[in-house]
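Q: There's a structure below that I have some questions on.
None of the figures in this text is laboratory data; all of them are computed from the coordinates on show. All values derive from a computational prediction rather than experimental measurement. Please note: Cβ atoms are built from the backbone with ideal geometry, for glycine as well, and neighbour counts cover all protein chains shown.
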Amino acid sequence: MCIERLQEYILIDIEQIPVEYFCCKSKVQWVLYSYVEGEKVNFVRVNLKSAIAFIYDVISLEILIKLKEAIFRAVPV
């Protein structure tokens, strides 16, 4: 079931360009949109389109690496 407040989210891989964008279409249905380099991601709920290159320019690779490390430290294997 889709969480009422969470309507969409995006997964960004720090090692690859493809971006996965998930959008809640109904109470029980999430839809996946995959985007590759050169395409624009369409954030439906906030009515925003952005080039993938812009997302990677704005989000520092260093920040993503630190975030990834923090997540792996926090999640028991």
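Q: What are the trypsin sites (Lys or Arg not before Pro) within the stretch 1-53 that DSSP puts in a loop, where the Cβ has at most 14 other Cβ atoms within 10 Å? Spell out each step's value before the answer.
A: Values: sites: 5, 25, 27, 40, 45, 49; in loops: 5, 27, 45.
Counting only loop positions with at most 14 other Cβ atoms within 10 Å, the trypsin sites (Lys or Arg not before Pro) in the stretch 1-53 are 5, 27, 45.
Q: Just grab the label-to-label distance for residue 26 and residue 58, each label 7 Å out from Cα along the Cβ direction, in nm (one decimal).
A: Reported label-point gap for residue 26 and residue 58 is 3.2 nm.
Q: Sticking with this one: Once label points are set 7 Å from the Cα along Cα→Cβ at both residue 44 and residue 13, what is their separation, rounded to one decimal in nm?
A: 2.3
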